[in-house]
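See structure below.
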Amino acid sequence: MSEMLSATFITVFIATVIAQAMPLMLAAVGETIGEQAGILNLGIEGVMLIGAYTGFVVTLMTGSFWIGMLAGAIGGVVANAAMLVLNVWLGLNQIVIGLAITLIGEGITSVLYLQNYTSSPASLGAQPRMPIPGLSEIPVIGPALFRQSGIFWLMIVLILVLAFALARTSWGLSTRSAGQKPSSLDAAGGSVMRTRSTAVILSGVLVGLGGAYLALLTTATFSPHLTNGLGFIAIVITMLSRGRILIVMLTSLVYGLAVAMGPALQVIGFTVPADIIKMLPFIIVIVMLIVFARSSVVPPALGAPYTRGAR
Amino acid sequence: MTTTATSDVISLRGITKAFPGVVANDDVSLDIVPGQVHCLLGENGAGKSTLISILAGMQQPDSGTVSIGGTVVDISSPKVAVDNGIGVVHQHSTLVPAFTVLENLMLGDGGVLLDEKRATRRLEELAGLLGVEIDPHALASDLGLGQQQQVEIAKAMWKGSRLLVLDEPTSMLTPQAIEHLAESIARVKAEGLAVVLITHKLREAYAMGDCVTILRAGRNVGHISTEELATYSEQQAQDAILAAMFGEDIVAVGDEATELAGATEASRETAAIDFASRPVRLELRGASSRGAGRDVDVEDVSLTLREGEILGIAGIDGHGQNALSELVAGQRPASTGTLVFDGDDITRSGVRGRQRLGIRYVTDDRLHEGTVGSMSVAVNLVIKRIGEQPFWRSGRIQPKAVDAEAKRLIDEYGIRTPSPATRAGTLSGGNIQKILLARELTNGARLVVVNKPTYGLDLKTVHLVREILTDFAAQGGSVLLLSTDLDELIELSHRIQVISRGRLVGSVVNDGPGTAEKVGQYMTGAIEGTD
Ligand SMILES: Nc1ncnc2c1ncn2[C@@H]1O[C@H](COP(=O)(O)OP(=O)(O)OP(=O)(O)O)[C@@H](O)[C@H]1O
Ligand SMILES: [Mg+2]
């Protein structure tokens, strides 16, 4: 037992938590930005898959994880374009569009993958590491935290910048007002259309990155339905976090912990049925929902298209 | 970013705007002159707010032009209006409740980072100009209505405006807050800005306005110029305005015109009714409410309301009026105490059950709680009788019966709507209130709880509503009247109790000229106890 809890074990455990939490964190931050602007995107499961698939394919072709991530972001934006055009511009129902995006994303990526890669399932291999001199030498946490890929650090910086921007910039204030009371933004001389468009595009970038992170760094491969409900978990986390990105980060880590826990328990020697282990993250999410659902507050204008002067 | 006033006249020429079924503005022309307060008056639905929306860029006119200092300006969006220094305080608040005062004010500012320092300075500057004090870090939803209004005015003037438009700013304010507002308006005017003020109260128009324009059914039907208004006595001004406002109808209103105008000191001839001998209709014994936490709950309230009696509840808005009315209507549970209606304990019965007993509630939240904006006027008029004959038969709605009832009520209450099938949300504020009143006061009501029944209504409708309430009481109905309008309370109530921080703090029998003063004293907490 004691040898099980060795340094390597803990190192692997922490690294797993992070690897599992990151895709969810990126997707939930993306969803947060959309929701803060008043757009409930139920399509992020599909958007993640599209981001994951494009990232996977491009990384295979170019051999560069960085270019793969970029492709994932672009894939996310393209997938979100449906929401942009049909909802923000034309005012159609967000729920319908969102579900359609999920279905299309699942369908397209599965078909393409099965057509192109089943004969020779491809793995992407090891991610490029960027050990931080000094820090990465710290025993146990060093290798877990400070031997991550540069992509990880870029994502963290991106999320923190967005957290700051949402709270402290005029862009952030406009975005939040678009979800609170779009008529106020309009009356103040802002553009609800432009604000929401920006939010949807940015949301596409982040969710796409989330998908790509999952394929490239977390699993190092792609398979149909790779996300397995992660997009919907991101929606739940977004609603529970009430637009606060730091809380999104924390809850995502709790999820990562739940996922990492299963294998860890097995290693320690608990014989837990594999099914239970698979269920663990979902159980944790359900528990979080039950405990915190009462305090979940969504922006008042969430889901409502805005038309100036309409009564 | 200082307040820049120019001497440019803003001219509206031939503004026409039609909505499905109504012409809201019909060839309206008027001039708005800097350094003057231009009052805009007219019945509910006359088209005042529509005209303002056009100035604010929220609506596009079908034809007509707006020009500033002789140059035609196409106000194609609110941004153009803001850039041209047109600041508007809309009839319905545009503050974001979840934002702080500063955030609300900074919304729409350019730049990348929010500049709190600069915003705070600008707020101080404007607060000084308006003669008010505003806490920049308070949440908008935590402010009282008067303060919210001050923030809205500051917001309208944020970018240094040439024109300040106030759409019915006084309808929800206490007399003190109205006085404050009048002072602020005077200061803004002194800065050389033009002001447009919409109100239903002639007294205010006369006191604050330099000139007056009257709209009726979308048309400019009368203008009293600055010179004329200066020579008029208050009485003359009122007569002129009323004549223009109601045209022929004024005959029907007749002698009541002055009363209508709210000019006379409100009073009530109490034919000494001995209520003590009448049966008790509603009794609250030490009742406290348990709300969702967002607003003030009532605590330990005891009151008795008898048959045929109108009991007024006076108090500053937000002191538990909602809790009290919802407690009686059954929309909020009682945490302690009992409610007795016609001798039966109703503490545990639900909304529907109380409705069947004849308890009705006219909410003050017309737009959200009171009506379903996306449904027709007709359905809104019968919506509290869902499933009941003859409007529903075996679960199916009977459009003919609904329509007939709707037509009857529309006629009786003079609801101005293109047809019963029009979506309720498109009606003007005053007309939406008429829907609520018509719905609640019809069909076997025994007790009505009315919360601010006449705010935002035009003179004629105010008169109609008050008459309906008085008649209702005269026929044995009981009324619990919650209002912030002291004149209204004195005109209608037999007895007035004062609510403060969720408790009833005093009771005054409305039997003479001294009532207003006594109520006022309770409101300021000068005396305690009952007389
Ligand atoms: N967006 C809209 N859609 C449809 N009809 C509208 C719309 N805005 C206004 N109307 C109609 O135009 C007419 C004028 O409305 P408006 O709100 O300008 O009246 P108002 O004079 O401000 O009345 P009030 O004193 O009740 O506020 C009303 O009949 C109203 O139903
Ligand atoms: Mg209006």
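The values are calculated or read from the model by the stated rules, or taken from the named source; none is laboratory data. All values reported here derive from a predicted model rather than from experimental measurement. Note that each Cβ is placed from the backbone with ideal geometry, even for glycine, and that neighbours are counted across all protein chains shown. The accessibility values were calculated without ligands, DNA or RNA, using every heavy atom of the protein model including side chains. Shrake-Rupley method; radii C 1.70, N 1.55, O 1.52, S 1.80 Å.
Kindly indicate the residue of the range A:118-141 that is touching a strand residue (DSSP E or B) at 6+ places or on another chain (Cβ under 9 Å) and surrounded by 15 or more Cβ atoms within 10 Å (Cβ to Cβ) and also modelled with the highest pLDDT among those meeting that condition.
Restricting attention to the range A:118-141, the residues satisfying the condition of being touching a strand residue (DSSP E or B) at 6+ places or on another chain (Cβ under 9 Å) are A:121-124.
Subsequent filtering for residues that are surrounded by 15 or more Cβ atoms within 10 Å (Cβ to Cβ) retains A:122, A:124.
Numbers: A:A122: 74, A:L124: 78.
Among residues in the range A:118-141 that are touching a strand residue (DSSP E or B) at 6+ places or on another chain (Cβ under 9 Å) and surrounded by 15 or more Cβ atoms within 10 Å (Cβ to Cβ), the one modelled with the highest pLDDT is A:L124.
If you go through the range B:132-143 one residue at a time, do you hit one that is out of contact with any helix residue (DSSP H, G or I) (no Cβ under 7 Å at 6 or more places or on another chain) and either of a type in the set (V, I, T) or assigned to a helix (DSSP H, G or I) (or both)?
yes
Please go through the range B:399-433 and give me each residue that is open to solvent by 50 Å² or more (accessible area, probe 1.4 Å) and either within 16 Å of ligand 1 (Cβ to nearest atom) or assigned to a loop (DSSP other than H, G, I, E, B) (or both), ordered by number. Lay out the reasoning, then the answer.
Our first condition is that a residue be open to solvent by 50 Å² or more (accessible area, probe 1.4 Å); within the range B:399-433, this holds for B:399-400, B:403-404, B:407-408, B:411-412, B:416, B:418, B:421, B:423, B:426.
Hits for the range B:399-433 are B:R416, B:P418, B:A421, B:R423, B:T426.
Of the residues that make up the range B:346-363, is at least one open to solvent by 30 Å² or more (accessible area, probe 1.4 Å), touching a strand residue (DSSP E or B) at 6+ places or on another chain (Cβ under 8 Å) and within 14 Å of chain A (Cβ to nearest Cβ)?
No: zero hits.
Go through the range B:295-390 and tell me which helices (runs of 4 or more DSSP H), entirely inside it, have 2 or more residues that are over 30 Å from B:P418 (Cα atoms).
Values: elements: B:321-329, B:351-357, B:377-382.
Qualifying helices (runs of 4 or more DSSP H): B:321-329, B:351-357.
Test B:L166 against the stated conditions and say whether it is within 16 Å of ligand 1 (Cβ to nearest atom) and out of contact with any Gly (no Cβ under 7 Å at 6 or more places or on another chain).
Values: within 16 Å of ligand 1 (Cβ to nearest atom): yes; out of contact with any Gly (no Cβ under 7 Å at 6 or more places or on another chain): yes.
For B:L166, the condition - within 16 Å of ligand 1 (Cβ to nearest atom) and out of contact with any Gly (no Cβ under 7 Å at 6 or more places or on another chain) - is met.
I'd like to know if the range B:379-396 contains one or more residues that are within 14 Å of another protein chain (Cβ to nearest Cβ) and among the hydroxyl-bearing types (S, T, Y).
no
Hey, among the residues in the range B:434-459 that are away from ligand 2 (no atom under 15 Å from the Cβ) and assigned to a helix (DSSP H, G or I), which one's farthest from the other protein chains (Cβ to nearest Cβ)?
Checking each candidate, the answer is B:L441.
Taking B:V165, is it of a type in the set (A, V, I, L, M), more than 27 Å from B:R118 (Cβ to Cβ) and within 16 Å of ligand 2 (Cβ to nearest atom)?
So B:V165 fails the test.
Looking at the range A:206-244 only, could you name the residues that are crowded, with 24+ Cβ neighbours inside 10 Å and within 16 Å of A:L162 (Cβ to Cβ)?
Once the filter is applied, which keeps residues that are crowded, with 24+ Cβ neighbours inside 10 Å and within 16 Å of A:L162 (Cβ to Cβ), the range A:206-244 yields A:L206, A:V207, A:G208, A:L209, A:G210, A:Y213, A:A234, A:I237, A:T238.
For residues in the range B:13-68 being among the acidic types (D, E) and open to solvent by 30 Å² or more (accessible area, probe 1.4 Å), which is farthest from ligand 1 (Cβ to nearest atom)? It would help to see each step written out before you state the result.
Residues of the range B:13-68 among the acidic types (D, E): B:26-27, B:31, B:43, B:62.
If we keep only those that are open to solvent by 30 Å² or more (accessible area, probe 1.4 Å) as well, we get B:26-27, B:31, B:62.
Values: B:D26: 11, B:D27: 15, B:D31: 20, B:D62: 13 Å.
So, considering only residues that are among the acidic types (D, E) and open to solvent by 30 Å² or more (accessible area, probe 1.4 Å), the one farthest from ligand 1 (Cβ to nearest atom) is B:D31.
Does the range B:193-228 hold any residues that are surrounded by fewer than 21 Cβ atoms within 10 Å (Cβ to Cβ), within 16 Å of ligand 2 (Cβ to nearest atom) and among the aliphatic types (A, V, I, L, M), and which are they?
Across the range B:193-228, the qualifying residue is only B:A217.
Which one is nearest to B:G111 (Cα to Cα) among residues in the range A:146-179 that are in a loop (DSSP other than H, G, I, E, B) and open to solvent by 30 Å² or more (accessible area, probe 1.4 Å)? Spell out how you get there, then give the answer.
Within the range A:146-179, the first condition is being in a loop (DSSP other than H, G, I, E, B), and the residues that meet it are A:146-149.
Keeping just the survivors that are open to solvent by 30 Å² or more (accessible area, probe 1.4 Å) gives A:146-147.
Values: A:F146: 37, A:R147: 38 Å.
Here the residue is A:F146.
Under 8 Å between Cβ atoms, at least 6 apart or on separate chains: pull out the pairs that start in the range B:91-115 with a residue that is more than 8 Å from chain A (Cβ to nearest Cβ) and end on any residue that is assigned to a helix (DSSP H, G or I) and surrounded by fewer than 17 Cβ atoms within 10 Å (Cβ to Cβ).
Hits for this filter: B:H92/B:L367; B:L102/B:E116; B:L102/B:T120.
Please specify each residue of the range B:80-90 satisfying the condition of being facing another protein chain (nearest Cβ under 8 Å) and farther than 19 Å from B:S49 by Cα.
B:D83
List pairs: first residue in the range B:188-205 and within 14 Å of chain A (Cβ to nearest Cβ) and over 25 Å from B:N84 (Cβ atoms), second residue more than 16 Å from ligand 1 (Cβ to nearest atom) and open to solvent by 10 Å² or more (accessible area, probe 1.4 Å) anywhere in the structure, Cβ distance under 9 angstrom, at least six positions apart or on different chains.
none
Regarding the range B:424-432, can at least one residue be identified that is away from ligand 2 (no atom under 15 Å from the Cβ) and not basic (K, R)?
Kept after step one, since they are away from ligand 2 (no atom under 15 Å from the Cβ), are these residues of the range B:424-432: B:424.
Now drop any that are not not basic (K, R), which leaves B:424.
Yes.
Looking at the range B:41-73, which of its residues are among the small types (G, A, S), part of a helix (DSSP H, G or I) and within 12 Å of ligand 2 (Cβ to nearest atom)? Spell out the reasoning first.
Going residue by residue through the range B:41-73, those that are among the small types (G, A, S) are B:42, B:45-47, B:49, B:53, B:56-57, B:63-64, B:67, B:69-70.
Those still in the list that are part of a helix (DSSP H, G or I) too: B:49, B:53, B:56.
Hits for the range B:41-73 are B:S49, B:S53.
Give me a count of the residues in the range B:470-491 that are surrounded by fewer than 24 Cβ atoms within 10 Å (Cβ to Cβ) and part of a helix (DSSP H, G or I).
Qualifying residue count for the region: 10.
Within the range B:434-458, how many residues turn out to be of a type in the set (D, E, K, R), open to solvent by 10 Å² or more (accessible area, probe 1.4 Å) and over 11 Å from B:R366 (Cα atoms)?
2
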